[in-house]
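Below is one structure, written out as structure tokens; comments come after it.
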Amino acid sequence: MKRQIFWVCAGLALLSLGACSQKKDEKIQVKWGTFNVRYDNPADSMNNWKYRKDAVADFVRSQNLDVVGMQEVLHNQLEDLKVRLPEYAEVGVGREDGKTKGEYSPLFFRKDRFELLDSNTFWLSQYPDSVGFIGWDGACTRIATWAKLKDRNSGKIVMAVNTHFDHVGTEARTKSALLIIDKIKEIVGSDPAVLTGDFNVSEQWDAYKTITSNEFVMKDAFKIAEKKEGVSYTFHNFGRIPAGSREKIDYIFVTPQIKVSDAFIPSETSGKYLSDHNPHIATLEF
């Protein structure tokens, strides 16, 4: 009898180990997005936020995004989105005072999918902890908001970073890229990380090359996607930029252990714009 109990216990232990091993090796898919939603500017007339806020929230929900980084979000816009996206939690602060003043670069993530382990915001400058400090040759205060997320089913941990680079300072953009890389290494080390944002550069600029050719390399999700859909640009200025001159300045960058199944940049619809930028979506596997 004792021998039978021993073998039953041993069998259960092996099954338990197998289950743990299977869970550890399990691959998960996450639908990730980046979206500059355009700040609430009365001068935008019929493209003003009040005419777009429902459509922006509907888009996030219709695409079943698990995580999305947004840019140019003012406090009233953040509140509008929170009301319209109750299934999402969010992290982020205003860049001017570290509270509610100025643009946020918030991260939204599904509450039922992820547990928030940690989060914070740092300033893209020589003094990352100095609230409101303008870095290097930048024209504006710039920030990066990050979140350390744990997948509730698999237990896997991923770092999400979201930012909006300066539109003027070339040194500021390159130094910002290096700072973010250092922060990723510091916070999650070799765990997967995803960087989203409006980088205000095409891929010919140093800031892009710094991210994709640094020793701690990150890859452009759109470039390495197994399948691509939609258009190849993101910024169109509410359709004012001629079709042949539109550029991709919004990116999803991933660490090498992340596979990109597909990437999607939906085309804008004339007269019914979601924003002056197109969102960019990728399905990631890690």
* Asked: At q = 0.14, 0.17 Å⁻¹, what log₁₀ I(q)/I(0) does a Debye calculation on the Cα points of the range 133-286 give, no solvent, two decimals?
  -> -0.72, -1.04
* Asked: Can you give me the relative contact order of the chain as a percent, contacts being Cα pairs under 8 Å and 6 or more apart?
  -> 18 percent
* If each residue's Cβ is checked for other Cβ atoms within 10 Å, how do M218, M159, M46 rank with the fewest at the top? -> M46, M159, M218
* the range 147-158 - phi-based ³J(HN,Hα) in whole Hz, Karplus 6.51/-1.76/1.60, Gly and Pro as x -> 9, 9, 10, 10, 5, 5, 8, 8, x, 5, 10, 9
* May I ask you to evaluate 6.51 cos²θ - 1.76 cosθ + 1.60, the Karplus curve with θ = phi - 60°, for each residue of the range 93-98 and list the ³J(HN,Hα) values in order in whole Hz, giving x for glycine and proline? => 9, x, 6, 7, 10, x
* Asked: Which of the aspartates and glutamates could a cross-linker span from K50 if the Cα-Cα distance has to be under 20 Å and same-chain partners fewer than 8 positions apart are dropped?
  -> D40, D58, E72, E79, D80, E103, E268, D276
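What number, in percent, do you get for the relative contact order of the range 186-262 if the mean sequence gap of Cα pairs under 8 Å and at least 6 apart is divided by its residue count?
45 percent
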* Could you state the orientation-averaged shadow area of the convex hull built on the Cα atoms of the chain, in nm² to one decimal? => 17.5 nm²
* Could you pull out every whole DSSP H run in the chain that spans at least 15 Å of Cα extent along its own axis and averages -1.0 or higher on the Kyte-Doolittle scale? => 2-25, 49-62, 170-188
* Asked: What list do you get for F216, F264 if you sort them by fewest beta carbons within 10 Å?
  -> F216, F264
* For K259, list the aspartates and glutamates whose Cα falls under 12 Å from its own Cα; do not include residues on the same chain fewer than 8 positions away. => D220, E226, E285
* Structure fact -> Of the residues G33, L284, P242, the Cα lying farthest along the dipole of the chain towards its positive end, which is defined by charges on the beta carbon of Lys, Arg, Asp and Glu, belongs to L284
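Every number in this text was worked out from the coordinates using simple rules, so none of it is lab data. Computed from a predicted structure; not experimentally measured. No Cβ is skipped: glycine too gets one built from the backbone with ideal geometry, and neighbour counts run over all protein chains shown.
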